[in-house]
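The values are calculated or read from the model by the stated rules, or taken from the named source; none is laboratory data. Treat the numbers as computed from the prediction; the structure is a model and nothing was measured. So basically every Cβ, Gly included, is an ideal-geometry build from the backbone, and we count neighbours across all protein chains shown.
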Amino acid sequence: MSLPAVDTLSATLKNTFGYASFRPLQREIMEETLAGRDVLALLPTGGGKSLCYQLPAIVRAGLTVVISPLIALMKDQVDSLLQNGVKAAYLNSSLTDDESKDTWRQLFRGEIKVLYLSPERLLVEGMLDTLEQLKLEFVAVDEAHCISSWGHDFRPEYRALKAVRARFPHVPMLGLTASATERVRHDIVEMLELKNPRTFVASFNRPNLSYRIVPRLSPIKQILEILEGYRDESGIIYCLSRARTESVAADLVKKGINAEAYHAGLPAEERNRRQERFVKDETQVMVATIAFGMGIDKPDVRFVIHHDLPKNIESYYQETGRAGRDGLPSECVMLYTSSDAAKLRVFIDQLTDPLEREISSRQLSRLLQFAEGSECRRVSLLNYFGEVYKDESGEPALVCGACDNCLTPRQEVDATEVAQKLISCVLRIKKHSGFSVGLNHIVDVLLGAQVEKIKKWGHDTLSTYGAGKGKTKAEWLYFARELVTAGLLSINHDHFNVVDVTSEGLTALKDKRTIRLRAPLGTSGLSVDKRKEQRRHLGAVDFDEEIFTKLRSWRAGVAREKGIPAYMVFSDATLQAVASKKPRRYSDLRGVSGIGEKKLELYGEAIIELLEST
């Protein structure tokens, strides 16, 4: 297919979706795929991945097929497209026979522009044959990281997608994901058999999100304090176990919070009901395991709380990324305790696959460095994905001004004695045994633990054995990781996470240098002034609160009448833009981001009437 003029894409963007400009890399991705080339695109959650195949599908003559892993995700995207006047459909087990037949009729009449399928449905007998008859022009694989065993959400059924390339060698393919390391990116290209793909990697930075990590002390009390700032707004609380989701949800309900639990142990119908209630704002807070999230396209989640430690940084990034997809300021809080790390280590040690055990151990080590670290959370998070954080002027920066470590920097303490004991212990172990060990073993030696490996290797004979009994294991592990951050110790993430002393660490020990390290995580919340500073850094805009409240109330009524989520009528961002600009004429609404021609036709007069009465 010949490449449409950029103006055609821009006009379609404005008329159909109501946006005046593309987000970073969207247009470039669209142009490449429309020119018939394969593309791998890494765009952050909320970065507009779906538009990269939805908008080109409108200008294409034939059919676009989207591979999506979850029924709920398909339904959300199809409903949103229909609201914008785009003919879209899905084929999955949620359809009745009559609904399925009607969809097939529309497909064969050429009325459907975008068809959503799961990997399993795409590969059922006869489906690829049928797609050959339907003038298939483009295939988009959403959540493409699912294809890699090194990804955080590996799904074996994704591996079978290479059959699509074998059957349709000349149909361009687009692999999309919100987070993928270099290794995962390589797997996506190889497994999908992408041909010389153009790779686009947008910034992993989510500028509207704040990150805060605090010790988990009284979790329900801490959660309630966070919820004080979000009385009528949606949020997700992630927990590690099914039982924990139930207990936290029950405790919140007792405190008057409209909360529900969600986990894989619930019957499928009940999970779907609870998810739908959350999406439609009938439930304010969803307390969930990681089973909840990928299928959620809800853009107005204002906060994400991790009650427990996530599995790894990729999971943390994905889960926090479910907040603020509409671009408005949103908060991500982790309640941290080292006991969670201990539980995860036990689980990892029980893994039978050596490679899986190595990957999981390495990922946990990096996560703990991030959680306990004292550098800017945003800088640290981006660094994990190989990106340097840059300020508004485009210059590399070490502070974002909106995370806990930037807003309330931790005080430094004299850690000379602690550092000397740790460095000495590492050196003595290596000298005695001829090999390096991991952090947990080093700390066990300092604490004088009765551990089999310590006795087996003779580490109970070292002078540092039992030299650290004045501190807890959690404290020793914290300061050890701080020494890694300070460059005095190093962790070899490619070789069992073993610890060594750096040349700088050797010099510091030899010279008896005074060593100051950041104190452990603080327990205090943010003051009112700090919260104002935070929101300014996150891009908050001024708008008329009274008008915004009335618009939300009107939107809720429209959504109930249509039986759709409120955000499918308009996003909070669009309503805030209306409440800021206060347009008085129908035609002025065309200048508001998120109001396309179809929605202007449906809701324009009602909005103007509401504004006139205010």
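Listed by first and then second residue, the pairs with beta-carbon distance under 7 Å, at least 6 apart or on different chains, first residue in region 318-342 and more than 25 Å from residue 364 (Cβ to Cβ) and in the same structural domain as residue 299 (by TED's automatic domain parsing), second modelled with pLDDT of 90 or more and acidic (Asp, Glu), are 326/300; 326/572; 328/572. If you scan region 269-290, which residues turn out to be surrounded by fewer than 18 Cβ atoms within 10 Å (Cβ to Cβ) and under 24 Å from the mean Cα position of the chain (by Cα)? If the condition is that a residue be surrounded by fewer than 18 Cβ atoms within 10 Å (Cβ to Cβ) and under 24 Å from the mean Cα position of the chain (by Cα), then 272, 273, 276, 277, 282 are the ones that fit.
Residue pairs whose Cβ atoms lie under 9 Å apart, sitting 6 or more positions apart in sequence or on different chains, and linking a residue in region 390-404 that is more than 11 Å from residue 533 (Cα to Cα) to a partner that is among the polar types (S, T, N, Q) and surrounded by fewer than 13 Cβ atoms within 10 Å (Cβ to Cβ), do not occur here.
The residues listed here are 71, 67; of these, the one that is closer than 30 Å to residue 189 by Cβ and buried (at least 20 other Cβ atoms within 10 Å of the Cβ) is 67. Scanning region 266-294 for residues that are in contact with a strand residue (DSSP E or B) (Cβ under 6 Å, 6 or more places away or on another chain) and either modelled with pLDDT under 95 or of a type in the set (A, V, I, L, M, F, W, C) (or both) gives 274, 278, 285, 286, 287, 288, 292.
Summed over region 253-283, residues that are part of a helix (DSSP H, G or I) and either touching a Leu at 6+ places or on another chain (Cβ under 8 Å) or not assigned by TED's automatic domain parsing to the domain that holds residue 334 (or both) total 1.
Pairing residues of region 96-114 that are closer than 21 Å to residue 57 by Cα with residues that are surrounded by 13 or more Cβ atoms within 10 Å (Cβ to Cβ) and of a type in the set (Ser, Thr, Tyr), at Cβ distances under 7 Å and at least 6 apart in sequence or on separate chains, gives 113/64; 114/64. Which of the residues belonging to region 482-522 are over 21 Å from residue 447 (Cα atoms), part of a helix (DSSP H, G or I) and at pLDDT 90 or above? The answer is 503, 504, 505, 506, 507, 508, 510. When we screen 346, 301, 333, 388 for residues that are of a type in the set (A, V, I, L, M, F, W, C), surrounded by fewer than 17 Cβ atoms within 10 Å (Cβ to Cβ) and in contact with a strand residue (DSSP E or B) (Cβ under 9 Å, 6 or more places away or on another chain), the only hit is 388. Checked across region 353-360, the condition of being in contact (Cβ under 8 Å) with a residue 24 or more places away in the chain and of a type outside the set (Asp, Glu) holds for at least one residue.
Every listed requirement among (1) surrounded by 18 or more Cβ atoms within 10 Å (Cβ to Cβ); (2) out of contact with any helix residue (DSSP H, G or I) (no Cβ under 9 Å at 6 or more places or on another chain) is met by residue 259 save one, (2). Among the criteria (1) in a loop (DSSP other than H, G, I, E, B); (2) not assigned by TED's automatic domain parsing to the domain that holds residue 388, the one residue 230 does not fulfil is (2).
Selection over region 91-117 of residues that are crowded, with 16+ Cβ neighbours inside 10 Å, of a type outside the set (D, E, K, R) and either in contact with a Lys or Arg (Cβ under 7 Å, 6 or more places away or on another chain) or modelled with pLDDT under 90 (or both) gives a count of 3.
Number of residues in region 492-506 that are among the hydrophobic types (A, V, I, L, M, F, W, C) and surrounded by fewer than 20 Cβ atoms within 10 Å (Cβ to Cβ) equals 3. Taken together, the criteria place residue 199 among residues that are in contact with a helix residue (DSSP H, G or I) (Cβ under 9 Å, 6 or more places away or on another chain), surrounded by fewer than 16 Cβ atoms within 10 Å (Cβ to Cβ), touching a residue at least 24 places away in the same chain (Cβ under 8 Å) and farther than 21 Å from residue 338 by Cβ.
Assessment of region 174-184 against the conditions (of a type in the set (A, V, I, L, M, F, W, C), more than 19 Å from the chain's Cα centre (by Cα), buried (at least 18 other Cβ atoms within 10 Å of the Cβ) and assigned by TED's automatic domain parsing to the domain that holds residue 55) yields at least one matching residue. Annotation: residue 400 fulfils all but one of (1) assigned by TED's automatic domain parsing to the domain that holds residue 381; (2) within 25 Å of residue 514 (Cβ to Cβ); the unmet one is (2). A count restricted to region 216-238 and to residues that are among the aliphatic types (A, V, I, L, M) and under 16 Å from residue 299 (Cβ atoms) stands at 1. Of the helices (runs of 4 or more DSSP H) lying entirely inside region 34-115, those carrying at least 1 residues that are assigned by TED's automatic domain parsing to the domain that holds residue 144 and more than 28 Å from residue 273 (Cβ to Cβ) are 51-59, 97-108. Checked against (1) buried (at least 19 other Cβ atoms within 10 Å of the Cβ); (2) not in a helix (DSSP H, G or I), residue 479 passes all but condition (2).
Of the residues making up region 149-196, those that are out of contact with any helix residue (DSSP H, G or I) (no Cβ under 7 Å at 6 or more places or on another chain), within 25 Å of residue 354 (Cβ to Cβ) and at pLDDT 85 or above are 185, 186, 190. For region 208-239, taking the residues that are at pLDDT below 90 and among the hydrophobic types (A, V, I, L, M, F, W, C), the one that is surrounded by the most Cβ atoms within 10 Å (Cβ to Cβ) is identified as 214.
Just one of (1) under 21 Å from residue 368 (Cα atoms); (2) assigned by TED's automatic domain parsing to the domain that holds residue 368 fails for residue 437. It is (2). For region 575-583, check the following and say yes or no: at least one residue is over 29 Å from residue 538 (Cα atoms) and either under 28 Å from the mean Cα position of the chain (by Cα) or free of Cβ contacts under 8 Å to residues at least 60 places away in the same chain (or both). No: region 575-583 contains no residue that is over 29 Å from residue 538 (Cα atoms) and either under 28 Å from the mean Cα position of the chain (by Cα) or free of Cβ contacts under 8 Å to residues at least 60 places away in the same chain (or both). Scanning region 536-548 for residues that are assigned to a helix (DSSP H, G or I) and closer than 24 Å to residue 210 by Cα yields 536, 537, 545, 548.
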